[in-house]
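K.L.:
Dropping the structure in here first, questions after.
The values are calculated or read from the model by the stated rules, or taken from the named source; none is laboratory data. Treat the numbers as computed from the prediction; the structure is a model and nothing was measured. In this analysis, Cβ positions are derived from the backbone assuming ideal geometry, glycine residues included, and neighbour counts consider all displayed protein chains. These accessible areas exclude ligands, DNA and RNA; they are computed on the full protein's heavy atoms, side chains included. Shrake-Rupley method; radii C 1.70, N 1.55, O 1.52, S 1.80 Å.
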Amino acid sequence: MCGIVGAVAERNIASILLEGLKRLEYRGYDSAGLTVIRDGELHRERQVGKVQALVDAVAVNPEFFDGHIGIAHTRWATHGEPAQRNAHPHVSGKIAVVHNGIVENYAELKEELIAKGYVFTSQTDTEVVAHLINDIYKTTPDLLEAVRAVIPLLHGAFALGILHIDCPEELITVRLGSPLVIGVGIGENFIASDQLALLPVTNRFMYLEEGDIAKLTRSSIQVYADGVEVKRQIHEIDAAQHNADKGEFKHYMLKENEQPDAVARTVEMAVDSDEPSKLRDDFLQRNEAQLKGIKHVQVIACGTSYHSGLVAKYWFESLIRVPCSVEVASEFRYRNPVVIDNTLVICISQSGETADTLSALRDIQKHTPAGLVSLALCNVPTSSLVRETDIFLPTLAGPEIGVASTKAFTTQLAALMLLVLKVGVVQERMAGEKLTTLLGQLQELRGQLHASLNLDAPIKAMSEHFEYKKLPVLRSWFAVSNSARRRFKAERNLVYSRRRLRSRRAETRSIGIGR
Ligand code: GLU
């Protein structure tokens with residue numbers, strides 16, 4: 001995953017683009033770049049490594065980047081090594097493009113473009129997009145129309161941001177398989193891969209649908225689907241709720257330790273502290289009829305979410321005797337599977353934008369088995385997955401910036417257990433003492449998670465004892481003679497004491513004493 005940010009405004013936008021890229025750093029990347037139109041020219045800077053390297057490079061001549069329209073990108077290389085020439089934006093003539101995703105048929109397109117005389121300066125698949133738009137613009141001098149003509153030529157999944165020097169008021173964007181949101185400002189508009197990037201400038205967002213192409217100016221946003229202008233609703237979000245600051249935590253990995261509150265919030269969605277021995281009446285109330293009819297559960301997910309699905313399988317089958325299958329979405333979508341009637345398809349994804357999970361869901365929906373019910377277990381209410389499923393079961397983990405997925409996983413487990421209980425109750429497979437006990441255990445999780453996290457300090461102290469220890473390979477250990485063991489121990493101790501000495505010296509040097 002990597003990121004796109006774009007802006008068209010009255011004010012200078014370079015700092016907005018750079019701040020946006022910093023906020024997308026959590027997605028992972030190997031290089032970063034931006035381009036701004038200023039005085040009828042594209043001013044571009046690209047750097048390998050951290051966004052900070054780009055910020056520093058821009059700071060050398062900041063006035064070059066004073067402009068009112070620009071696009072920026074963090075790249076996670078798929079085609080071509082991480083290198084400055086491969087970093088985005090890519091330029092063809094007067095056109096600049098940033099791209100997330102993959103153009104699968106880039107090789108044949110590249111050949112055709114080379115035959116027409118286009119010169120490639122990068123190894124990326126993205127550069128074909130810039131040249132193609134340039135080529136079509138020559139006969140169709142309207143940026144939106146040129147982009148629209150190029151999209152059907154591209155196979156793959158992508159999000160794009162596009163500029164043209166001759167249209168310095170227009171930012172074109174495309175969403176097809178990779179996430180992209182529009183940030184709606186006053187006299188200014190923005191694009192980004194994640195709304196988090198734009199929270200310093202707006203809290204109003206428009207979520208594009210798959211295949212949407214949009215034209216943004218300072219004062220207008222036009223969205224087109226299949227060539228026809230369409231309305232996409234503007235959602236106002238509570239910025240405090242989407243707070244992605246580190247807060248009291250030293251870094252985002254530690255912020256994953258918000259688990260006790262995150263899990264408790266998720267449990268409280270379904271259990272009232274005044275009536276702790278029953279599920280709240282309003283928990284999935286509107287979906288009771290759907291859940292009553294299901295006979296089989298199919299979980300589709302990737303990575304961490306797949307693993308929470310594996311746990312849920314045990315619960316569905318052992319607690320309420322509903323058969324459950326779990327499969328990695330990338331396998332599921334490519335093997336033409338059979339989904340039987342009356343299946344509850346649970347798609348689990350923290351972001352709700354996991355491409356394989358979305359594709360697998362869409363494939364199932366195309367075949368519409370009878371009694372199909374689809375459910376999104378997801379942390380982002382505005383995501384594609386939530387929009388495309390019948391039921392939304394949220395995890396209330398808060399924004400995920402640290403990629404360890406710790407709180408995402410534990411909140412998914414809590415929500416899945418609540419779902420198992422709900423299905424159990426509506427299908428009369430779960431009641432009485434069993435239900436009360438499980439609900440009680442769910443409510444104890446906050447305290448238990450706190451108690452585990454409080455072990456941090458003793459674990460840290462203990463780890464110091466083990467820092468230089470290495471376990472011998474047991475089988476060979478027993479096979480060797482006593483004298484060989486003694487020799488091994490003596491050598492090992494020598495190595496460890498040298499290492500200790502080296503590390504003490506380094507420590508002394510770093511605090512500047514003992515020279
Ligand atoms: N496929 C493009 C490249 O390798 C985009 C990768 C990305 O999504 O950052 O440059």
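K.L.:
Might you check whether a residue that is assigned to a loop (DSSP other than H, G, I, E, B), touching a helix residue (DSSP H, G or I) at 6+ places or on another chain (Cβ under 9 Å), of a type in the set (Ser, Thr, Tyr) and open to solvent by 20 Å² or more (accessible area, probe 1.4 Å) occurs anywhere in segment 139-159?
P.N.:
yes
K.L.:
Shifting gears a bit: From the list GLY424, GLY371, GLY432, GLY398, exactly one residue is of a type in the set (Gly, Ala, Ser), open to solvent by 10 Å² or more (accessible area, probe 1.4 Å) and closer than 23 Å to SER318 by Cα. Which is it? I'd like the intermediate steps shown before the answer.
P.N.:
Details: GLY424 fails: open to solvent by 10 Å² or more (accessible area, probe 1.4 Å); GLY371 fails: closer than 23 Å to SER318 by Cα; GLY398 fails: closer than 23 Å to SER318 by Cα.
Unique residue meeting the criteria: GLY432.
K.L.:
Any idea how many residues of segment 177-197 are open to solvent by less than 10 Å² (accessible area, probe 1.4 Å) and part of a strand (DSSP E or B)?
P.N.:
Matching residues across segment 177-197 total 6.
K.L.:
Next up: For the structure I just gave you, tell me whether VAL91 is in contact with a helix residue (DSSP H, G or I) (Cβ under 7 Å, 6 or more places away or on another chain) and of a type in the set (A, V, I, L, M). Spell out the reasoning first.
P.N.:
Numbers: in contact with a helix residue (DSSP H, G or I) (Cβ under 7 Å, 6 or more places away or on another chain): yes; of a type in the set (A, V, I, L, M): yes.
Yes.
K.L.:
Related question: Taking the stated definitions as given, is GLU331 over 25 Å from the mean Cα position of the chain (by Cα) and assigned to a helix (DSSP H, G or I)?
P.N.:
Judged against the criteria, GLU331 is not a match.
K.L.:
Going through segment 123-138 one residue at a time, which ones are of a type in the set (Ser, Thr, Tyr) and open to solvent by 10 Å² or more (accessible area, probe 1.4 Å)? If you could, list the steps in order and put the result at the bottom.
P.N.:
Start the filter on segment 123-138 by keeping residues that are of a type in the set (Ser, Thr, Tyr), which leaves 124, 126, 137.
Across segment 123-138, the qualifying residue is only TYR137.
K.L.:
Okay, next question. Identify all residues within segment 113-147 that are over 25 Å from PRO82 (Cα atoms) and of a type in the set (Asp, Glu); write none if there are none.
P.N.:
ASP135, ASP142, GLU145
K.L.:
Further question on the same structure: Name the pairs whose Cβ atoms lie under 9 Å apart, with the first residue in segment 158-179 and under 17 Å from LEU17 (Cβ atoms) and within 16 Å of the ligand (Cβ to nearest atom), the second of a type in the set (Asp, Glu) and not in a strand (DSSP E or B), and 6 or more positions between them or separate chains?
P.N.:
These pairs meet every condition: ILE162/GLU170; THR173/ASP212.
K.L.:
Then there is this: Of the conditions (1) within 14 Å of the ligand (Cβ to nearest atom); (2) open to solvent by 60 Å² or more (accessible area, probe 1.4 Å); (3) more than 25 Å from HIS43 (Cα to Cα), LEU109 fails just one. Which one is it?
P.N.:
Only one criterion in (1) within 14 Å of the ligand (Cβ to nearest atom); (2) open to solvent by 60 Å² or more (accessible area, probe 1.4 Å); (3) more than 25 Å from HIS43 (Cα to Cα) is unmet by LEU109, namely (2).
K.L.:
Something else now. Out of all the residues in segment 82-106, which are crowded, with 24+ Cβ neighbours inside 10 Å, part of a loop (DSSP other than H, G, I, E, B), within 10 Å of the ligand (Cβ to nearest atom) and not aliphatic (A, V, I, L, M)?
P.N.:
HIS88 - this is the single residue of segment 82-106 that is crowded, with 24+ Cβ neighbours inside 10 Å, part of a loop (DSSP other than H, G, I, E, B), within 10 Å of the ligand (Cβ to nearest atom) and not aliphatic (A, V, I, L, M).
K.L.:
Additional query: What do you reckon, is GLY117 touching a strand residue (DSSP E or B) at 6+ places or on another chain (Cβ under 9 Å), more than 13 Å from the ligand (Cβ to nearest atom) and in a loop (DSSP other than H, G, I, E, B)? First the steps, then the outcome.
P.N.:
On the way: touching a strand residue (DSSP E or B) at 6+ places or on another chain (Cβ under 9 Å): no; more than 13 Å from the ligand (Cβ to nearest atom): yes; in a loop (DSSP other than H, G, I, E, B): yes.
Answer is no for this residue.
K.L.:
Please specify each residue of segment 250-287 satisfying the condition of being within 30 Å of ARG362 (Cβ to Cβ), part of a helix (DSSP H, G or I) and open to solvent by less than 70 Å² (accessible area, probe 1.4 Å).
P.N.:
If the condition is that a residue be within 30 Å of ARG362 (Cβ to Cβ), part of a helix (DSSP H, G or I) and open to solvent by less than 70 Å² (accessible area, probe 1.4 Å), then ALA262, THR266, ASN287 are the ones that fit.
K.L.:
Look at GLY6 and say whether it is open to solvent by less than 10 Å² (accessible area, probe 1.4 Å) and part of a loop (DSSP other than H, G, I, E, B).
P.N.:
Numbers: open to solvent by less than 10 Å² (accessible area, probe 1.4 Å): yes; part of a loop (DSSP other than H, G, I, E, B): no.
So GLY6 does not fit the description; no.
K.L.:
Looking only at residues in segment 49-79 that are within 16 Å of the ligand (Cβ to nearest atom) and surrounded by fewer than 19 Cβ atoms within 10 Å (Cβ to Cβ), which one is nearest to the chain's Cα centre (by Cα)? Walk me through how you get there before you give the answer.
P.N.:
First, the residues of segment 49-79 that are within 16 Å of the ligand (Cβ to nearest atom): 49-51, 54, 71-79.
If we keep only those that are surrounded by fewer than 19 Cβ atoms within 10 Å (Cβ to Cβ) as well, we get 49-50, 76-79.
Working: GLY49: 20, LYS50: 19, TRP76: 13, ALA77: 16, THR78: 17, HIS79: 20 Å.
Ranking the qualifying residues of segment 49-79, first place goes to TRP76.
K.L.:
Answer yes or no: is there a residue in segment 128-138 that is of a type in the set (Lys, Arg), within 28 Å of SER219 (Cα to Cα) and in a helix (DSSP H, G or I). Give the derivation first.
P.N.:
Step one: list which residues in segment 128-138 are of a type in the set (Lys, Arg), which gives 138.
If we keep only those that are within 28 Å of SER219 (Cα to Cα) as well, we get 138.
Checking which are in a helix (DSSP H, G or I) leaves us with 138.
Yes, segment 128-138 contains at least one residue that is of a type in the set (Lys, Arg), within 28 Å of SER219 (Cα to Cα) and in a helix (DSSP H, G or I).
K.L.:
Let me ask you something else. So in segment 460-473, with the set limited to residues that are open to solvent by less than 100 Å² (accessible area, probe 1.4 Å) and in a helix (DSSP H, G or I), which one is modelled with the highest pLDDT?
P.N.:
Looking at the filtered set, the residue picked out is ALA461.
K.L.:
Return yes when VAL174 is touching a Leu at 6+ places or on another chain (Cβ under 7 Å) and part of a strand (DSSP E or B) and no when it is not. Talk me through it step by step, then tell me what you get.
P.N.:
Details: touching a Leu at 6+ places or on another chain (Cβ under 7 Å): yes; part of a strand (DSSP E or B): yes.
In short, yes.
K.L.:
So in segment 352-404, with the set limited to residues that are more than 27 Å from VAL338 (Cβ to Cβ) and in contact with a strand residue (DSSP E or B) (Cβ under 8 Å, 6 or more places away or on another chain), which one is modelled with the lowest pLDDT?
P.N.:
Applying the filter and picking the extreme gives THR382.
Every residue, every condition in (1) within 16 Å of the ligand (Cβ to nearest atom); (2) aliphatic (A, V, I, L, M); (3) in contact (Cβ under 8 Å) with a residue 40 or more places away in the chain, yes or no:
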{"position": "ASN12", "(1), (2), (3)": "no, no, yes"}
{"position": "GLU19", "(1), (2), (3)": "no, no, yes"}
{"position": "LYS22", "(1), (2), (3)": "no, no, no"}
{"position": "LEU34", "(1), (2), (3)": "yes, yes, yes"}
{"position": "GLU41", "(1), (2), (3)": "no, no, yes"}
{"position": "GLU45", "(1), (2), (3)": "no, no, no"}
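K.L.:
Right, next: Within segment 235-249, count every residue that is surrounded by 13 or more Cβ atoms within 10 Å (Cβ to Cβ) and at pLDDT 90 or above.
P.N.:
So the answer is 1.
K.L.:
Also: Considering VAL223, VAL174, VAL201, which residue is open to solvent by less than 30 Å² (accessible area, probe 1.4 Å) and under 24 Å from GLU25 (Cα atoms)? Quick ask: steps written out before the conclusion?
P.N.:
Details: VAL223 fails: under 24 Å from GLU25 (Cα atoms); VAL201 fails: open to solvent by less than 30 Å² (accessible area, probe 1.4 Å).
Matching residue, one of VAL223, VAL174, VAL201: VAL174.
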